[in-house]
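Notes follow once the structure below has been shown.
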Amino acid sequence: MVSRWTAVDRVEQGALPTMFVQAVIVGTVLTIGAIACSGLYIGMTADPKTGAPIVALVPWMAVSVLIAVVFTYIVGFALLWCAEAFTTHMREPFKPWAYAVVGLIGYAIWGLFVMGSTMNSLDQAVNGVVLANADMIALTFNYAVLGFIAMLIAKWYAPKLAVRRTAVIVLCVVQIVLAVLGIIVAVMLFGQIAAAA
């Protein structure tokens, strides 16, 4: 990809930087995954006696998307750089799979510690309990699968998408807007819990 860490690789003149496009693809996949799996996460934090969710679906979706987008544009860039360095001398057909394994490990750890902590902090404040070990394993597995898919797709499709500047910028802006909404919702949620305590 690049010979120096300060260099920016592009598939052709005028195309967007490849690593930025990969990050946008990762963010898009993880955002879709966060929205799709929000119901599963709410079920894990439901009141153990009544089974009622502690948060409504749409606000929880916003928080889930925030966690995915923060991962993408902070940790994700570092993982993309690591994956690129790791696969420099690898044969081309194996590179996407190596990227996928890096995504699997990175996002599984993120899910275990960041999403797990977020869910536990809400659940403990409302229900006085934390996630069971089985729920933590399921959460980590879910994040591992999403990370695997996101990095695999990013490596495969970044060169094709890099020349479609408008599409990439629109996807990036949508992710940022959803993340800002997630910040607002998270502040309101945790503020309400703090006020009720």
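The values are calculated or read from the model by the stated rules, or taken from the named source; none is laboratory data. Everything numeric in this text was worked out from a predicted model, so none of it was measured. Every residue, glycine as well, gets a Cβ built from its backbone with ideal geometry; the counts of neighbours run over all protein chains shown. Accessible surface areas use protein heavy atoms only, side chains included; no ligands, DNA or RNA. Shrake-Rupley method; radii C 1.70, N 1.55, O 1.52, S 1.80 Å.
Please identify, among K95, K155, K49, the residue showing maximal mean-square fluctuation in a Gaussian network model of the chain using a 10 angstrom Cα cutoff. Its mean-square fluctuation being the largest, the pick is K49.
Across the accessible surface of the stretch 1-147, with the other protein chains kept in place and a 1.4 Å probe, carbon and sulfur atoms take up 69 percent. Using only the alpha-carbon atoms, how far is helix 165-196 inclined from the longest principal axis of the chain? Give it as 0 to 90 degrees, nearest 10. It works out to around 20 degrees.
Can you tell me the orientation of helix 77-86 relative to the chain, as the angle in degrees between its alpha-carbon axis and the longest Cα principal axis, to the nearest 10? Computed tilt is about 50 degrees. Among A158, L122, P53, flag the residue with its Cα farthest along the positive direction of the charge dipole of the chain, charges on Cβ as +1 for Lys/Arg and -1 for Asp/Glu. So the residue furthest toward the plus end is A158.
Let me know the shape class of the stretch 89-197, please: from the alpha-carbon gyration tensor, a ≥ b ≥ c as square roots of the eigenvalues, rounded when a/c is under 1.5, otherwise prolate if a/b is greater than b/c, or oblate. Verdict is oblate for the stretch 89-197. Relative contact order, whole percent, for the stretch 1-136 stands at 24, derived from Cα pairs under 8 Å and 6 or more residues apart. The distance linking the stretch 78-106 with the stretch 136-197 is 20 Å (Cα centroid to Cα centroid, whole angstrom). Per-residue ellipticity at 222 nm from helix content only, as computed over the chain with -39500 (n - 2.57) for each DSSP H run of at least four residues, stands at -24500 deg cm²/dmol.
Annotation: for a label point projected 7 angstrom from Cα along Cα→Cβ of Y157, residues of the stretch 15-42 with backbone N closer than 20 Å are 15-38. Once the 1.4 Å probe is applied to the protein heavy atoms, the chain comes out at 52 Å² accessible per residue.
Extent of the stretch 2-130 along its three principal axes (Cα atoms, max minus min coordinate, largest first): 58, 27, 24 Å. Along its principal axes, the stretch 142-197 has C-alpha extents of 51, 28, 7 angstrom, given from the largest down. For the chain, find the longest principal axis of its Cα atoms and tell me its angle to the long axis of helix 57-70, 0 to 90°, nearest 10. In the chain, helix 57-70 runs at an angle near 40 degrees to the longest axis.
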